[in-house]
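Below is one structure; the comments refer to it alone.
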Amino acid sequence: MSSERTPPPSAVPLPPRQLPPQNSTKPPVWPIVASESTATTPLASKCARVTREDGICCKELKDDERTLIDPDVVRDVVIGLSDGLTVPFALAAGLSSLGESKFVVLAGVAELIAGAISMGIGGFLASQSERDHYRYLRTQTAARVIRSCDGEMEREVAEVLAPIGVDDKACRAVARSLRDVEVDENGNGQLVSGASGDNETTSLRWSKDVGITAFLLKFGQGLEEVPDKRLYISAFTIGMGYLVGGLIPLLPYFFIPQAQVALIYSCVITGMVLLVFGAVKAHVTGAGVGTYTYVWGAVSTLLVGGVAAGAAFVIVRALEG
């Protein structure tokens with residue numbers, strides 16, 4: 001009895017690439033292993049979902065879905081709240097010897113408004129100085145890139161990439177690709193910052209973010225341009241943080257006529273707010289996971305804020321004496 005052999009299955013062609021709808025903002029999905037044609041697959045569109053049993057693309061596998069708050073915003077909030085919790089508290093504590101809370105409230109509110117405005121202006125000027133410094137370095141670096149030779153640019157790129165394990169060949173390829181984007185064959189910069197749609201044939205709309213100049217600034221010096229809206233966000237965040245933080249130690253003085261009694265409640269409320277603020281800060285910054293992280297964040301914030309407020313209180317009392 002002869003056994004019949006089952007013929008091998010014929011090769012099954014891959015399904016045609018699905019293009020997104022015209023109004024969709026998602027890029028097309030390409031297979032990461034093989035392609036139906038010899039077209040070069042864009043790296044950003046590669047996906048291995050066709051070879052995975054669960055059908056999920058690897059770039060969609062995320063361990064932590066929590067979105068963290070912008071660290072610049074967190075920094076501004078911390079600066080505003082910490083100053084607001086310590087300076088008005090020390091002023092109110094020093095004025096508590098006057099006996100009546102209304103004098104403490106008047107002086108505290110006046111200092112609070114002036115301090116919030118001053119802190120907001122300070123945040124605006126600090127962000128503006130950071131932006132102007134970056135723009136100056138970008139202009140200087142772009143001019144140096146144009147007049148430098150290929151070997152110098154390869155050396156600078158290697159200084160950034162070699163310490164993290166990139167070999168010389170890859171460094172040269174990266175330097176060449178970045179330089180070709182930014183500098184033409186005649187050694188002239190070919191990208192115009194902020195180009196409009198009419199000039200897309202000769203320039204790129206995102207020219208400030210591509211090329212060897214942007215690479216050297218971002219990865220070589222760790223600098224990024226501060227957006228114009230960041231100036232106003234920083235001013236508002238620091239000013240409001242100071243205003244909200246300063247109101248907390250002053251609240252008891254609004255309801256308790258005796259300043260000495262209100263001072264005790266002010267100390268308790270300020271301490272509790274510092275504990276809560278420290279735990280919240282540890283959460284939004286992603287400092288860690290677990291009870292220990294939140295406890296340490298709360299206690300450390302209380303200690304730092306308490307020492308600052310205590311030192312300011314001692315100095316005010318010493319000046320009164």
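Only the coordinates and a few stated rules stand behind these numbers; no lab work does. Given the structure is predicted, the values throughout are model-derived calculations rather than measurements. Backbone-built Cβ (ideal geometry, glycine too); neighbour counts: all protein chains shown.
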(message) When a/c reaches 1.5 or more, the comparison of a/b and b/c decides; with that in mind, is segment 211-321 rounded, prolate or oblate per its Cα gyration tensor?
(response) prolate
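Contour minus end-to-end for Gln258 and Arg144, with contour as 0.36 nm per residue of separation and end-to-end as the Cα-Cα distance? Don't skip to the end; give the middle numbers.
Numbers: separation 114, 0.36 × 114 = 41.04 nm, distance 6.73 nm.
Stretched out fully, the Gln258 to Arg144 stretch lengthens by 34.3 nm.
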(message) Test of understanding: what is the full-extension gain from Asp167 to Arg155, defined as 0.36 nm times their sequence separation minus their Cα-Cα distance?
(response) 3.1 nm
(request) Assuming R0 = 30 Å, can you tell me the calculated FRET efficiency for the pair Ala110 and Leu303, based on Cβ-Cβ distance, to the nearest 0.05? (result) 0.50
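Between Asp209 and Val276, how high is the FRET efficiency from 1/(1 + (r/R0)^6) when r is the Cβ-Cβ distance and R₀ = 25 Å? Nearest 0.05.
Working: r = 39 Å, r/R0 = 1.57.
With a Förster radius of 25 Å, E is 0.05.
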